[in-house]
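Q: Mind looking over this structure? Questions follow.
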2 protein chains.
Amino acid sequence: MKNKKRTTIYDIAEKLNITASSVSRALNNSNYVNENTKKLILKTAEELNYKRNTLASNLRKGHSKTIGIVVPRINQNFFSNVIAGIEEATYQKDYNLIICQSSESQSKEIKCVNTLINQHVDCIVISVSVDGTDYQHLQNVLDHGIQLIQFDRVADELETLKVINDNEQASFEAVSHMIEQGYKRISLLEGPQNLQIFRQRKTGYLNALKKYDLPIIDELIVENAWTKELGAEATRKVLSISEPPDAIFASTSDFSALGVLEVATAMGFKVPSQLGICGYSNEAFTELTSPSITTIDQFSSYMGKTIANLYFQEMENKEEIEVVPKIISIKPKLIIRSSTKKNGD
Amino acid sequence: MKNKKRTTIYDIAEKLNITASSVSRALNNSNYVNENTKKLILKTAEELNYKRNTLASNLRKGHSKTIGIVVPRINQNFFSNVIAGIEEATYQKDYNLIICQSSESQSKEIKCVNTLINQHVDCIVISVSVDGTDYQHLQNVLDHGIQLIQFDRVADELETLKVINDNEQASFEAVSHMIEQGYKRISLLEGPQNLQIFRQRKTGYLNALKKYDLPIIDELIVENAWTKELGAEATRKVLSISEPPDAIFASTSDFSALGVLEVATAMGFKVPSQLGICGYSNEAFTELTSPSITTIDQFSSYMGKTIANLYFQEMENKEEIEVVPKIISIKPKLIIRSSTKKNGD
DNA sequence: ATAATTTCGACAATCGATTGCAGAATACAA
DNA sequence: TTGTATTCTGCAATCGATTGTCGAAATTAT
């Protein structure tokens, strides 16, 4: 295990009585080396089980062919799907992925970002943590000449490349759908409003109410209900008021919606006839609950591919055109299931 | 964006009229530099927004403080949880993670492993792809002096560090539980037998039958039923024979069990009274189906932490003791839910 | 046969940080 | 004051691969 000396281009060069430069050129398939020596070099490299030292190569070349990713949680469905999507697209171009999770803490997020800068990654892809307020560390990425792509949860004040969902539109459609189903008192479980995505979803909700001339009822809007537990708690609260809602839009996540469903069922509310429920994210389980939960699909894996391709595209233009902030918005899709079919189907 | 020159220790040295070595020493908090100059250097580094070039540092130091991970699918619950567990433990020690997915293809797996060797990672953590037959590429990892830790799906013939579940025991307990519930004709949906984990699960099944003196019925054992679709197909088959099973153990995954449940329900079998179902992995959704599915929890995140700690522990011993192959076996836990409660509760 | 052009390969510098060695500067003791 | 020990700093080599420059050899053109 220890002290194993790996073969370098110098070892190959020495064995063949040539210089390392020729070996390097052969390995990089340059023209400036004789076909025969090239073959000989390749053969010897194979024999000696040579593996290029990417560290040295990258140091010299000044880039790393590596993309750093920072997400709140690796093992959250949406994020792991985005990552898988990025991986698929970058793998073909021989890029590596360094993955960090901020665990929803900005201080850890800052550390992660710094590590990635140290690593000389070519690009940082990030979805910010929930408690973020200051984005100096992201500005810092730009200052170091590293491409920065924000996705989903973005710091809107920062002018970077962004790949997002059209949260407002999706939310609008979801609420409109519920209204058209006949629900009239729709409660909104909203997420931390410092995040743009949650503000947008709220706007969509409000716009839908407005369109259908429904009143905005403050006591039906619950802040910060974005985990299963908080969703459950919020549900207990809104279902206990004198005039409870006849539908709940858990705009933060399907987990929240799951909390809603469990509490509502436990409290004796019939879903969907007495209470409609809509979640957000299209987690796998939404299909399996009874009733199945209406939700919004964010095309997470596609989003990942989009991010990767956006990076490659920008790389190509880098030399010629000045980089302009660009936003790609993906329209999510409303998945209508049983939990909002007020009148059956 | 382009051609941004990053500050190096030389820039700092030049500005302060000292040498780069002193700067390096100060940055590494060495004693061999005056307290005052150290402070000055740190301050200047801060001012110039200096970030260490990890590439250069690692090249010189001969290691990368990086662990490479290769899994079949990043976005599969079990794997993303293991990864999250590894991340948690390694983060504290300032290690980075490079993550690759083999997409269940050995040829891609080999490429991933080679990339990681090139990257000079200090350790490779791998769960092999399903179609693996030859493990030369893993031997190669060892030959390059890189620590190798296999987990879950391991190539048993290779003597490396391994972190696995006690699949046989878990399977034995699951089947025993079903038998004790009164199920007598238990069908086994098994996974590709070239993978040790699936062989072990089969052994556990057979041992349980033997213990309770139940006959082994070949037509109740279905090969290669390890996705939802294959599980569904297998179920259609076994439920159509003249004497159908009264229970199905989807030993490959909960997805397979889900396929079983859907087909069984569609065919009019009552779960759990007419047909018991047990899955494997404790995916989140198993709690949400109706009925909820009995399954086996693998402590995935804990497994990740165990892997990381195993690596750190081996690192400490590396110099003194010769590395010996070591296997850590984690005992999974049977989670009993409604789908196997034959007589209600 | 000579000149002009290619092709090939060696040399040396470079990427940025680290570190062994040696010498300078300072402190302390005799 | 001289000698010894200690602290600090600089020099230069090193990690392994890449690449611009230049000269030698081989090829082609004249």
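Q: So what's chain B giving for Rg/Rh, alpha carbon basis, Kirkwood Rh from the mean inverse pair distance? Display every interim value, and only then the final one.
A: Working: Rg = 26.1 Å, Rh = 22.8 Å.
Reported Rg/Rh (Cα atoms, Kirkwood Rh): 1.14.
Q: For the stretch B:242-254, just list the computed ³J(HN,Hα) in residue order, Karplus coefficients 6.51, -1.76 and 1.60, θ = phi - 60°, integers in Hz, with x standing in for Gly and Pro.
A: Calculated HN-Hα couplings, in order: 4, 10, x, x, 9, 7, 10, 9, 7, 6, 8, 5, 6 Hz.
Q: What percent does the relative contact order of chain A come to when contacts are Cα pairs within less than 8 Å and at least six residues apart? It would help to have the intermediate numbers written out before the result.
A: On the way: 640 pairs, mean separation 54.0, N = 345.
That works out to 16 percent.
Q: Turning to a different aspect of this structure: Give a quick list of chymotrypsin sites (Phe, Trp or Tyr not before Pro) in the stretch B:26-121 that DSSP marks as loop, anything other than H, G, I, E or B, with at most 13 other Cβ atoms within 10 Å. Spell out each step's value before the answer.
A: Values: sites: B:Tyr32, B:Tyr50, B:Phe78, B:Phe79, B:Tyr91, B:Tyr95; in loops: B:Tyr32, B:Tyr50, B:Tyr95.
For chymotrypsin sites (Phe, Trp or Tyr not before Pro) across the stretch B:26-121 that sit outside H, G, I, E and B with at most 13 neighbouring Cβ atoms in 10 Å, the list reads B:Tyr32.
Q: From other protein chains only, count the Cβ atoms within 10 Å of every residue's Cβ in A:46-57, then give the mean.
A: Details: counts 0, 0, 0, 4, 0, 9, 4, 6, 10, 15, 5, 3.
For this peptide, the per-residue mean of nearby foreign Cβ atoms is 5.
Q: Can you check what the Kirkwood hydrodynamic radius comes to for the stretch B:1-112, Cα pairs only, in Å to one decimal?
A: Values: mean 1/r = 0.0585 Å⁻¹.
That comes to 17.1 Å for the stretch B:1-112.
Q: Sorted from shortest, what are the nm distances separating the label point of A:Ala284 from equivalent points in the other copies, each placed 7 Å from Cα along Cα to C-beta?
A: With the label placed 7 Å along Cα→Cβ, A:Ala284 yields 1.0 nm.
Q: Can you give me the solvent accessible area of A:Ile293 with a 1.4 Å probe, rounded to the nearest 10 Å²?
A: 0
Q: Another question about this same structure. With all protein chains present and a 1.4 Å probe, how do A:Arg201, A:Arg73 order by accessible area, largest first?
A: Details: A:Arg201 5, A:Arg73 95 Å².
Result, largest first: A:Arg73, A:Arg201.
Q: Right, next: How many percent of DSSP beta bridges within chain A run antiparallel, rounded to 5?
A: 10
Q: Sum -39500 (n - 2.57) across every DSSP H segment of at least 4 residues in chain A, then divide by the residue count to get the 222 nm mean residue ellipticity, nearest 500. It would help to have the intermediate numbers written out before the result.
A: Numbers: 12 runs with 145 residues, N = 345.
Estimated from H runs of four or more residues: -13000 deg cm²/dmol.
Q: Using only alpha carbon pairs under 8 Å that are at least six residues apart, calculate the relative contact order of the stretch A:9-52 and give it in whole percent.
A: Values: 30 pairs, mean separation 15.4, N = 44.
Relative contact order, the stretch A:9-52: 35 percent.
Q: Output the peptides A:124-132, B:143-151 sorted from most to least packed, where packing is the average of other Cβ atoms within 10 Å over each peptide's residues. Display every interim value, and only then the final one.
A: Values: A:124-132: 23.1, B:143-151: 20.6.
So the order, starting with the most tightly packed, is A:124-132, B:143-151.
Q: Give a residue-ordered list of calculated ³J(HN,Hα) values for the stretch A:84-100 (Karplus: 6.51 cos²θ - 1.76 cosθ + 1.60, θ = phi - 60°; whole Hz; x for Gly, Pro).
A: The phi angles translate into 4, x, 4, 4, 4, 6, 7, 4, 5, 9, 6, 9, 9, 10, 10, 10, 10 Hz.
Q: Further question on the same structure: Springs between alpha-carbon pairs under 10 angstrom, Gaussian network model over chain A: which of A:Ser187, A:Ser300, A:Ser240 fluctuates most?
A: Comparing A:Ser187, A:Ser300, A:Ser240 in the GNM, the peak value goes to A:Ser240.
Q: Please label the shape of the protein assembly as shown as rounded, prolate or oblate, based on the square roots a ≥ b ≥ c of the eigenvalues of the alpha-carbon gyration tensor (a/c under 1.5 means rounded; beyond that, a/b larger than b/c means prolate, else oblate).
A: Details: a/c = 2.22, a/b = 1.28, b/c = 1.74.
Note, shape of the protein assembly as shown comes out oblate.
Q: Give the peptides B:133-142, B:19-28 in descending order of average Cβ contacts within 10 Å, highest first. Don't skip to the answer; put the middle values down first.
A: On the way: B:133-142: 16.0, B:19-28: 17.6.
Result, highest mean Cβ count within 10 Å first: B:19-28, B:133-142.
Q: Shape call for the stretch B:86-175 from the C-alpha gyration tensor, a ≥ b ≥ c root eigenvalues: rounded (a/c under 1.5), prolate (a/b greater than b/c) or oblate?
A: Oblate, because a/c is 1.5 or more while a/b does not exceed b/c.
Q: I would also like to ask the following. With just the Cα atoms defining each centre, how far is the stretch A:219-237 from the stretch B:193-259? Give it in Å.
A: If we compute the Cα centre of each part, the gap is 42 Å.
Q: To continue, here is another question. FRET efficiency for A:Ile241 and A:Gln139, Cβ-Cβ distance as r, R0 = 60 Å, nearest 0.05?
A: 0.85
Q: While we're looking at this one, here's another question. Looking at the square roots a ≥ b ≥ c of the eigenvalues of the Cα gyration tensor of the stretch A:55-121, which shape do they give, rounded for a/c under 1.5, prolate if a/b is larger than b/c, or oblate? Show your work: numbers first, answer last.
A: Details: a/c = 4.25, a/b = 1.30, b/c = 3.27.
It is oblate, given that a/c is not under 1.5 and a/b is not larger than b/c.
Q: Return the long-range amide H neighbours of B:Ile126 (sequence gap of 5 or more, or a different chain), with a cut-off of under 5 Å between placed amide H atoms.
A: When sequence neighbours closer than 5 places are left aside, the close amide H contacts are B:Val70, B:Ile149, B:Gln150, B:Phe151.
Q: Using alpha carbon centroids, what distance separates the stretch A:269-345 and the stretch A:1-43, in Å?
A: If we compute the Cα centre of each part, the gap is 50 Å.
Q: Calculate, for A:Glu159 and A:Asn207, the FRET efficiency according to 1/(1 + (r/R0)^6) with r their C-beta to C-beta distance and R0 30 Å; round to the nearest 0.05. Walk me through the numbers on the way to the answer.
A: On the way: r = 26 Å, r/R0 = 0.87.
For A:Glu159 and A:Asn207, the calculated efficiency is 0.70.
Q: P(r) for the stretch B:9-52: what percent of alpha-carbon pairs falls in each 5 Å bin, starting at zero?
A: 6, 28, 42, 21, 4
Q: Another one. Please list B:Asp218, B:Asp246 in order of solvent-accessible area, largest first, computed with a 1.4 Å probe with all protein chains present.
A: Largest accessible area first, the list is B:Asp218, B:Asp246.
Q: In addition: Looking at chain B as a GNM with Cα springs under 10 Å, which of B:Thr227, B:Thr294, B:Thr54 has the largest mean-square fluctuation?
A: B:Thr54
Q: At 7 angstrom along the Cα-to-beta-carbon line, where would the label on B:Gln313 sit relative to the other copies? Give the distances in nm, shortest first.
A: Nearest first, the other copies' label points are 5.0 nm away.
Q: Just to make sure I understand: if all protein chains stay in place, what is the order of A:Leu230, A:Leu189, A:Leu334, A:Leu42 by accessible area at 1.4 Å, largest first? The partial results should precede the final answer.
A: Values: A:Leu230 55, A:Leu189 0, A:Leu334 35, A:Leu42 80 Å².
Largest to smallest exposure gives the sequence A:Leu42, A:Leu230, A:Leu334, A:Leu189.
Q: Within a 10 angstrom radius of each residue's Cβ in B:74-84, how many Cβ atoms of other chains show up on average? Whole number is fine.
A: Numbers: counts 14, 15, 2, 4, 1, 3, 10, 3, 2, 6, 7.
Shielding by partners across B:74-84 averages 6.
Q: On to the next question. How large is ³J(HN,Hα), in whole Hz, for each residue of the stretch A:287-299 in order, when computed from phi with the Karplus curve 6.51 cos²θ - 1.76 cosθ + 1.60 and θ = phi - 60°, using x for Gly and Pro?
A: 7, 9, 5, 10, x, 5, 9, 5, 7, 10, 8, 9, 6
Q: Can I ask one more? Using a label point 7 angstrom from Cα along Cα-to-C-beta, what distances in nm, from shortest up, separate A:Asp218 from the other copies?
A: 7.6
Q: Amide H of A:Ile98 versus every other amide H placed in the peptide plane: which residues, excluding those fewer than 5 positions away on the same chain, fall under 5 Å?
A: Correct list: A:Ile67, A:Gly68, A:Ile69.
Q: What is the stretch A:55-155's relative contact order, in percent, from Cα pairs under 8 angstrom and six or more apart in sequence?
A: That works out to 31 percent.
The values are calculated or read from the model by the stated rules, or taken from the named source; none is laboratory data. Quick caveat: nothing in here was measured; it's all calculated off a predicted structure. Methodologically, a virtual Cβ is constructed for each residue, glycine included, from the backbone with ideal geometry; neighbour enumeration extends over all protein chains shown. When the accessible area is computed, the model is the full protein with side chains, heavy atoms only, and any ligands, DNA or RNA have been set aside. Shrake-Rupley method; radii C 1.70, N 1.55, O 1.52, S 1.80 Å.
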